[in-house]
Structure formats: C-alpha cells, structure tokens
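Participant: Structure provided below as structure tokens; questions to follow.
The values are calculated or read from the model by the stated rules, or taken from the named source; none is laboratory data. Quick caveat, the model's predicted, so the values are computed rather than measured. Here Cβ is always computed from backbone atoms with ideal geometry, including for glycine, and neighbour counts include all displayed protein chains.
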Amino acid sequence: MCKHKPCFIVRRLKTIGTYDYLLNCQYMSEFSVSSESYSEHKEAENNPANFRVAIFGTGSEQSESDVKAIKYATESARKMIEQGYSISTGGYDKGVMKAATNSAYEAAKQNGIEDTNKIIKAFPFTENIAAGEKVRGAEISESTTLIERLKHLIDESNAFIVLGGKVGTVIELITAIHSESVQQMKKEKPSPRPTIIIDPELEHLNTLNQLVGNDERLSKMAGLKHTYIIGDTNNWLENIDIILNLYNRQNNGEELNNEEREFLNQSNYLENLNHWLINTAKNQRNAATWPPGRGL
C-alpha cells in the first residue's frame, strides 16, 4: 500500500505490445482524493451499508485461475470493510464467495465491528442452507432460483467487482451491465453504479469485445459507460479504492472535477474500446495491451 493518499497522477508502465498500461498510481503525491477511513466511517456504524459492493466470481477452487480469483476476493473484501463499505456475495460456501465473506468477517472483527451481518450480506440458495451450508457472519437472504438471487445481488448493490470465473460469472457480469443500462434509462436517473473487472488474463475483456464487436448496438449500452477493466496486478487494489471513492462521492451528490473524470477514463471500457478494435489483429489480444496508451 502506498503511503500517500490516492491521487490522479498517471504513470505509464512499459509493457510488451503496442500499448502501455495507464492505470497506475504507484507514485501518489500532489493532487489527492481522500478515501473515507474506517475511523471516520465508524460514526455511521449503525448504518454501515450505505454503499454496498457485490463481489462476483468463481465457485470453484481447483484451477490456478480460481486460486488467483480467490486471492483477489480476499484482498478486495478486506479493503471494502476497512474503507467503511459493506459487501454482498452469492453465498456459496466455496471459491470467491466464501473467500470474500470470510475476509470481510475477519476485517470487521479486527476493526471492532461486532454485528458483522450489518455489513456482510449473502444470497444463498434455500437448498444450500437446508443442506447445512453456512455463510460466516453474514445476513442471509435465501433465494429459490438463480434469477431471484441475481436480482437481489444487483438491485441491492451500489457497485460490482467481477473476478475470474466461468459461465455463471459471465452471466453476472453481463446482467450487472445491462441492469445499469436500464437504470440509466429512467426519467430520474439514479446514481450510476460501476462495474469493476479485475482481469489480468483479460478473459472478461475478450468476452465483452466479442459481443460488442459482433453487434455495435451493444456499445451504446449505458452500463458500459461505467464499466472498468483493471489488468495491472501491481496496483489493482488502490485503483479499485479510488474508483469506488469517486462513485461513492457522486452518490452523495458531489461533482467530480476534470482530473477525477480523466482518471476514470484511463480504465473505462468504452473510452478504450476503439483502440482495442483497431489493433485487434496487430496485438492478437495480448494481455499486456489493456488499457491502451492514450498519449498521456
């Protein structure tokens, strides 16, 4: 963790391929945006779920990719609790969901929060609960169908973190983006909800590109305006923290300044989509080519 507060000085990292990573905050100094610390947030402990982050990812623990996703889930959930946010998961007792709830529970206890079910919520299937599965320290809201569970997860969250996974995770990703698109069609638009994809192997990125590349109408989905790809494994947690902080401030009615909006653009899916489509053949979807360099 960098000792300085998050800021928007973007440093380019040289990588293999045509593009350079831009989303990097290793050196943070002058222009800073303070994230709400736990001690400051503790005053609101009676209502800690004012900004809930859903964590999606694999329910498996077998492959190397699963292990990486579990690591990201563990660190993400801990960070969310330390920053005063609450989390939600699908409530499965394996993989990303188990790792996230366990990590959130431990972080809450370390920070003196006794009623952990106020900041950890899970939506397991009724049949799993009946079979004796438990979700550590979470408020339980049982679901009888996949659609019901996913609806609760999305409707009751202010942001989404998507980690590695299989078909179920892809469905969650697409549904979250589509749900945000529908929300932004309302006459009185609610505060936007970001979808942050932690994708070092760029598997989810390639899925989105395949969909959008085959039907350009999909690129007009409002939810993609709030979709972010983080492929840099060095500072991914700090970048999540900054993105969520900016959206949380917007939820509280604050306007972002130009530097803050520019920071969001660095990892925004739509902002970088054309670069990827133009250079697809040249770069052959090299994992080192996201986000593309934009001359900063």
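Participant: Inside region 178-296, counting only helices (runs of 4 or more DSSP H) that do not spill past its ends, which hold 2 or more residues that are more than 22 Å from residue 85 (Cβ to Cβ), modelled with pLDDT of 85 or more and over 19 Å from the mean Cα position of the chain (by Cα)?
Facilitator: Details: elements: 203-214, 236-251, 258-267, 269-278, 280-283.
Here the list reads 203-214, 258-267.
Participant: Something else now. Name the single residue, out of those in region 183-195 being touching a helix residue (DSSP H, G or I) at 6+ places or on another chain (Cβ under 6 Å) and in contact (Cβ under 8 Å) with a residue 12 or more places away in the chain, that is surrounded by the fewest Cβ atoms within 10 Å (Cβ to Cβ).
Facilitator: That would be 191.
Participant: Which of the residues that make up region 227-241 are among the aliphatic types (A, V, I, L, M) and in contact with a Phe, Trp or Tyr (Cβ under 7 Å, 6 or more places away or on another chain)? Give the steps one after another, and end with the answer.
Facilitator: We begin by selecting, within region 227-241, every residue among the aliphatic types (A, V, I, L, M); these are 229-230, 237, 240.
Across region 227-241, the qualifying residues are 229, 230.
Participant: Residues that are without any contact (Cβ under 8 Å) to a residue 40 or more places away in the chain and not basic (Lys, Arg), at least 1 per element: which strands (runs of 3 or more DSSP E) completely within region 40-149 meet that? Even if it seems obvious, please write down each step before you answer.
Facilitator: Working: elements: 52-56, 86-89, 120-122.
Where strands (runs of 3 or more DSSP E) fall fully within region 40-149 and carry at least 1 residues being without any contact (Cβ under 8 Å) to a residue 40 or more places away in the chain and not basic (Lys, Arg), they are 86-89, 120-122.
Participant: Here's a follow-up. Look through 94, 68 and report the one residue that is over 26 Å from residue 251 (Cβ atoms), crowded, with 17+ Cβ neighbours inside 10 Å and basic (Lys, Arg).
Facilitator: Exactly one residue qualifies, and that residue is 68.
Participant: Sort through 135, 170, 212, 162 and tell me the only one that's of a type outside the set (Lys, Arg) and within 25 Å of residue 249 (Cα to Cα). It would help to see each step written out before you state the result.
Facilitator: Numbers: 135 fails: within 25 Å of residue 249 (Cα to Cα); 170 fails: within 25 Å of residue 249 (Cα to Cα); 212 fails: within 25 Å of residue 249 (Cα to Cα).
Of 135, 170, 212, 162, the one residue that is of a type outside the set (Lys, Arg) and within 25 Å of residue 249 (Cα to Cα) is 162.
Yes or no, residue by residue, for (1) touching a His at 6+ places or on another chain (Cβ under 8 Å); (2) among the hydroxyl-bearing types (Ser, Thr, Tyr):
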| residue | (1), (2) |
| --- | --- |
| 156 | no, no |
| 184 | no, no |
| 188 | no, no |
| 191 | no, yes |
| 197 | yes, no |
| 210 | no, no |
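Participant: Also, I was wondering about something else. Only one of these conditions is not met by residue 102: (1) within 26 Å of residue 147 (Cα to Cα); (2) buried (at least 22 other Cβ atoms within 10 Å of the Cβ). Which number is it?
Facilitator: Condition not satisfied by residue 102: (2).
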